[in-house]
Each structure stands twice: as C-alpha cells, then as structure tokens.
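Let me begin by presenting the structure, written as structure tokens, before commenting on it.
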Amino acid sequence: MNMKLTKAVAAGAVSFAALIAGGGAALADCGIQGAGSVRILSNDFEALRVVNAAAAECANDKVKVTSNATAEHKNIQGPALTANPAEYTVAMVANNSIVPLLNDGLIRPLDDLVAKYGADLQPNQLIKIDGKVMAIAFMGNGQHLFYRKDILAKAGLDVPKSYEDVLADAKIIKDKGLMEYPLAASDKPGWDLAAEFVNMYLGTGAEFFAPGSAELAIDNDNGRKVLETMRAMTKFMNPDYLTYDANELSKIWDAGNVALMNQWGSLAGAAIDPVKANKDVAANTGFAAAPTISGGSIPAAALWWDGFSIAKNISDDDAAASFQAMVHAISPATVAAHSEVATWLVKGYVPGPAAIGVMGNATGGAKPYPMQPYMGLLHTALSSGLADFIAGKEDADQALKDVKASYDASAKEGGFLK
Amino acid sequence: MPHRTFAAFIFPSILAMLLFITLPIFSVMVQSMFIEHPAVLTTVENCGPFGGCTTETKVDTVAMAKLKAEAPMGQFAGLANYLNHNHLAIDDLREIFGTKSGFAEKVSSLMNLPFYRALAFTLTYCFVVTPLAMALGFCIALAVNTLPRLMKGPAIFVSILPMIITPLVGSLILSWMFNPEGIFGATLQWLANDPKLSLRASPVLTWIVILTYGVWTNGPFSFVVFYAGLQTVPMDTLESARIDGATRWQATRFVIIPHLMPLATFVALVQLMDNFRVFEPIVGFSAQANATSLSWMVYNDLVSQDAQQFGSAAATSVMTIIGVLILLTPVLIRTWRDFNRKVA
C-alpha cells in the first residue's frame, strides 16, 4: 500500500516536471509501438532528471512511465533487477555502476532493439561488451580543472597544464597573499579520496592490475609519484581538507575560497549559473582539461559516461517500450532544449561553456574509468587505505602496502584471488 | 500469575523475537562463514564512447550462474572472513608481535589495521561517554529536582532535547558549529589566537568533539531515568539524615546514590550497548579519516561503495554482537548476584 502510494507520488512528480519541461508536448505520446511499462531507476542529478522527464512524455493509454531518481541507485539496482520480474525496466548506469549488473548478468543485450528503434543513435553511443551492445551512453562526465581567471591574472599566471604547474602556481598565489588556501580536492576518505588517486594514476598511463589477472600492480614509482603529488597539494589546502567531498568543494568554490581545483563536469554548469551561483565567482570561473601528471601527455582524470541499460528479467514488450521511451528521452530534440546541463554525446549537440573541461579531457586522450570486475574492490580498498596517508600520518610505501593488504583480503572474499 | 497465563502472554513476544531477532542473527552468522565462488573470468573487447575499443576482463556470467545455482551461498570458508587483514588480521598480528620492535611501534602498527583502529575508537567512546553521560544526567536530575514546580516542565523539556533530535541531525548541527566558519570553530580560533586551528583536522580534537557530542546526546537518557528514580527516594530517610546534621552533599552521597544504584546498573547496561554501536557521529562529522567504529565498518562494506561485501560485513556484525556480550558480562553477573541475594 505504502509502496504503491510512493510510486504514484513519484509518477505524479515526474509528469509534473515533464509538463514544465515540455510544455503541451507532455500530453501527446511519443509514438511508441506496442504496449508496456517503463520503470526507470537513475542517479539524481540535473541531466538525469531532464532525461527522466523527457521519458515521461511517452506515457499514454498503453504505456506507463515511472521513474525513481536517487543517489542510492547503486545500492538499489542489484536487488531490484535480480527480482523476476525486475522492479525497474531501465537502469541508468555509468562506467562503474554497470559492472555489478554485468557481473551478475542482470541486463540484456540491446543489438536487436538498436537495429529496430535506434536510428537516432550515433555509433559512439553504443557501449559494446564482447561485441554486444549492453548500454547506450548519452552524456560524458569527469573531473577537470576549475580555475579563477581573476586570481591567475593578478598572479600573472597562465592556466596550469600539469600538476607540477598547479603546485608552482599555488605557491605563487599564496606567497603573493592573494589566497591563503589556493587549492582544494575531494580528499574525504571514502569514494572521493579513492577517485582522486584513480584519476591521477590513470594520468601516468600505468595499469592498475597485472595483465589478465586480479593481481594488484599499483605498488610502483607511478603509485608513489601520485601519492607524493596528492600530499604536496594538501600543503596549500584548508586544514579541513579531510572533510571535503565533491559537494563541499562546490560550496567553498562558490564562497570564493579556492583558486584551482579538480571538480566534476556535471557541476560546472551550476558553478557559472548567473542566477544561482555567487556572481563575482561565477563571472571569473574558467574550465580546462584536467592537468597532466609526472610528464605524462594525457589529462589525469577518468572519463565517465552515463547511459541506460535494460533489465533482463522483464517481458520483451516492456523492454521494447522502455528502449523506445529512453531513445525519445535522449533524442536530439531533448538535448537541444537542455544543451547546458551536460556534455551530451548525442547527435547535433553543440558544446557550451560548461562542457569545455569534459571535452578537453576527451580530446586530450584521458582514459575511461576501468571496467574490470574487481575495480570496485580496489576503489573500496583505496578509500580507507589512503586515509592515514592523506592525513599525513604514514608514508607512501606503508599506504600502498595497506591498500594491497586490504584489496587482497576483499578480492579473496570476492572470489577473484586464490 | 499461573504459568499457563504467563506463557500465553509472553508467547507473541517470544515468537516475534525469534522471527525478527534470532533468525536474522543466525542468518548473519551463517553468511559470515562464506565467500564468493571463484570468479570465472574471460577477456572481451569493450567499446565505449571515447574512441576505440580495449580488451578487458569480464566475469563469465553463464559459468557463474551455473556455480551459483549449484551452491547459492558461495564457498564455505570457515573463519577466513574473521581472520583476514580487514578483520582480526591474524597474519599481521603474528608479524607485529614476532618482530623485536619497541612497544610504541607495536601499538602504531596495530592501530594501522582497520579492525583494531575501529575497535580502539569504539571502546574509547564506550568507556568515556557512558560514565560522563551518566554523571551529567545525574547532575541535571538533581538540579531539576530542586526547581520550583512551575519551572520543572520547561526545564525537563529543554534537558531532553538532545535525545529527541535525530542523532544524525544532531551530529550534523554540531559539526557545522565546529566548522572554522561556524560559531564554536570561529570562537575557539579567536580564543586560541590561532587562525589555522581546526577541530576537524587533528585526530585528537576530532575524538574530543565526537566524545563531547556523545555525552551531550546520551546525557538526557540518564537524566530521565534518574529523575524518575529521585521521585522514589524515601523522604523520611532524607529528613532523618538532615536532622542528624548531614549536608546536602552527604545526603546525596549516602542516601540518594545508594538508593539509585540499581537504576544506575540498568542505565549503564543500556548505554554500554548503545555506545558500542556508535555510528552516526562519524558520518555526521565526516570523521572517517580520524575515527572509525565497528558499525561504520559494516556500513562501509555494504553501502558506500561499488561492490558490496556481504561476508565481510557479516563477520564484523557478529564480532560486534560478541563485543556487546563481553561488555555486558560484568554488569549481568552483578545483576544476577543482586537478584540472588534478594531472593535469599
């Protein structure tokens, strides 16, 4: 009873959003062939809310559309798609969150649906695994450089291209008395801290694992260089840096307390929004690709894609309806109306000012976030194993040793190591 | 009450406890003995939106589905989940105590292991917060008890506020107040004349803040119980003490405290149990870097990551239960003795 009520309320909220977003269009359906139920599970940020609202336009007498946008989606998706029939027909995923679904075989190949209804899709939107299309990507994301034009100009500096530049620039900004703590990073122990390490390590071009196995391979000079750089940056950060995650970074950026930082592309639009953001900061905020590290040539940041996948444990009718609704939701028309909220991968998208960073990462050759089945376990091990190091309580060798011990224990539990 | 009636009354509770407490605990214990099947991996070609394809490793879902159908629980691993690096870390312990390092070095290597670090904070929290919160609650109860009748109601309401506020919300509020730009943080910087002082940056100060929060949030429970107890203190005993020339302190020490002792045992029991499961302030204060607890470890295994580790979380849960039992043993023994004495 309660469940149904929540669903009805959620559906109501979505169709209301669709009314606002699409005006009268919400009342007309979007030409779905056949009947079925479309139930979407997604993360909760603006671009995905736009997509959910556009999918809701497809509702008609025969097609029911509901959606649940929640930051808890990663914890819900496994159990929800294991059920038969699955609780959701569409799971919105990214590089990392698709892996558990693939590991457990909970999503279906989309090749026949793409052939039938996917005329609008571009070849680079098709995420192919072992030759089969398993997800359709529609936006790119990633952490890239945010910089303050006014501070750099006052200090007589160019936009930094490498982490070595970032450190040198931070020293100049601090020495000139322009800012007490010019740098910031999402160093809060947990997912954020691990992501910082992964970004920089990808920038060195080294591999996380020994080829073809789950054996960890980060205990090398690249790993130590990354840790050394992370530690060096903390000297120019607010002493509270251990409590900053990505959302907190947005706040201190908006307060004008930081001159250089790496932050998510999906939060770039909000940082320069003249209505919501601090006007002085917004006008002076610039974006660029993530810096390189250790003489490398590629931006030291993981490339992320967000896309949708279709559950396996649902009827073919529901799958077809869901696929069509989602293709409509990420159509060139939707994207044209909301070009500023994301770096879309869709046909006809013209990148705006907020997309410069992610585009810069992609054209600079940044690597995608690894999709190995045991990458999630490494991310977990990094998230707690690096805490003492970043707090300045242990050296890099000990930190790498801790991470390996903790990863090995969980990889054994996960069946990846003997 | 005849035994039959008693059994009829108690039966629904027993049934509910079996279903909702005993069975889940049993299932967690079973879960903690298992690890996942050995992963069947294949190399496949992945193609993404950012130019080109790469060969990557993937789990062979068909082969895994077969393994899972044969043995849905996974592989039996005995106590492996309890003994590995992320829990009791037997091998690391052997290494630490096998080498001839100094005591300080041994302690610091021990504190570098995730389980012992969490256990250290959990136990500190238990043994600092429980007595201080009880003392605070007792003092408030004594103070409120002396107020004129009209003011008692509002005073009680204000005193139990910390208990009414959701722990997570309470810790978030305090965390923001202790932020260098918040009221406490800024005042402390001004008092210490140190613009870089941050309570959240140093491990010691973080512990002190969380312990302070613990006393603040747990005090009201002791207050409520002790205040109720104060209403039952026999007035004639108090009066005769006063006639004998006892001061207010002496009356408290020799009449009130002995009278409230059984209550204090009860409060200590409940509070120790509660405090051993400390969790919310760590999340609320974003203190993961400096303080972790056993409950936080369970949360970290299950929720905040890409991959869920059920076996590991189950092992930590079982050890939490064992920890609570060990903590409660002295109090339970004491209660048992008191009970026996009264019967005799």
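The values are calculated or read from the model by the stated rules, or taken from the named source; none is laboratory data. Computed from a predicted model, the values in this text were never measured in an experiment. Every residue, glycine as well, gets a Cβ built from its backbone with ideal geometry; the counts of neighbours run over all protein chains shown.
Quick rundown of the values:
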item	result
Residue tally, condition assigned to a loop (DSSP other than H, G, I, E, B), of a type in the set (G, A, S) and in contact (Cβ under 8 Å) with a residue 24 or more places away in the chain, over the stretch A:306-343	3
Extreme residue, modelled with the lowest pLDDT, among residues of the stretch A:239-261 that are surrounded by fewer than 21 Cβ atoms within 10 Å (Cβ to Cβ) and assigned to a loop (DSSP other than H, G, I, E, B)	A:D245
Residue selected from the stretch A:380-417 under the condition of a type in the set (K, R) and under 25 Å from A:G212 (Cα atoms), by the criterion surrounded by the fewest Cβ atoms within 10 Å (Cβ to Cβ)	A:K401
Only listed residue being surrounded by 16 or more Cβ atoms within 10 Å (Cβ to Cβ), in contact (Cβ under 8 Å) with a residue 12 or more places away in the chain and of a type in the set (A, V, I, L, M), chosen from B:A246, B:A314	B:A314
Conditions (1) assigned to a loop (DSSP other than H, G, I, E, B); (2) crowded, with 21+ Cβ neighbours inside 10 Å; (3) modelled with pLDDT of 90 or more; number of the one not met by A:V346	(3)
Entirely in the stretch A:64-160, the helices (runs of 4 or more DSSP H) that have 2 or more residues that are more than 12 Å from chain B (Cβ to nearest Cβ) and without any contact (Cβ under 8 Å) to a residue 12 or more places away in the chain	A:111-117
Test: B:R341 is of a type in the set (K, R) and modelled with pLDDT of 85 or more	no
Residue count, the stretch A:171-220 (criterion: within 12 Å of another protein chain (Cβ to nearest Cβ) and part of a strand (DSSP E or B))	1
Scope the stretch A:267-305; condition under 15 Å from A:A354 (Cα atoms), outside any strand (DSSP E or B) and of a type outside the set (A, V, I, L, M, F, W, C); matching residues	A:G269, A:D273, A:P274, A:K276, A:N284
Qualifying residue in the stretch A:244-267 (condition: within 14 Å of chain B (Cβ to nearest Cβ), farther than 20 Å from A:G177 by Cα, out of contact with any Leu (no Cβ under 6 Å at 6 or more places or on another chain) and of a type in the set (F, W, Y))	yes
Per-region count, the stretch B:56-112, residues surrounded by 12 or more Cβ atoms within 10 Å (Cβ to Cβ), outside any helix (DSSP H, G or I) and within 13 Å of another protein chain (Cβ to nearest Cβ)	18
Verdict on B:W190 being surrounded by 11 or more Cβ atoms within 10 Å (Cβ to Cβ), in a helix (DSSP H, G or I), on the phi < 0 side of the Ramachandran plot and within 14 Å of another protein chain (Cβ to nearest Cβ)	no
Some residue of the stretch B:276-294 being exposed (fewer than 14 other Cβ atoms within 10 Å of the Cβ) and out of contact with any Gly (no Cβ under 6 Å at 6 or more places or on another chain)	no
Failed condition for B:D338, given (1) within 27 Å of the chain's Cα centre (by Cα); (2) of a type outside the set (V, I, T); (3) away from chain A (no Cβ under 14 Å)	(1)
Pairs where the first residue, in the stretch B:166-177, is assigned by TED's automatic domain parsing to the domain that holds B:L188 and within 18 Å of A:Y244 (Cβ to Cβ) and the second is buried (at least 19 other Cβ atoms within 10 Å of the Cβ) and acidic (D, E), C-beta under 7 Å, 6+ apart	B:S171/B:E280
Qualifying residue in the stretch A:373-381 (condition: free of Cβ contacts under 8 Å to residues at least 40 places away in the same chain, more than 30 Å from B:V204 (Cβ to Cβ), within 22 Å of the chain's Cα centre (by Cα) and facing chain B (nearest Cβ under 10 Å))	yes
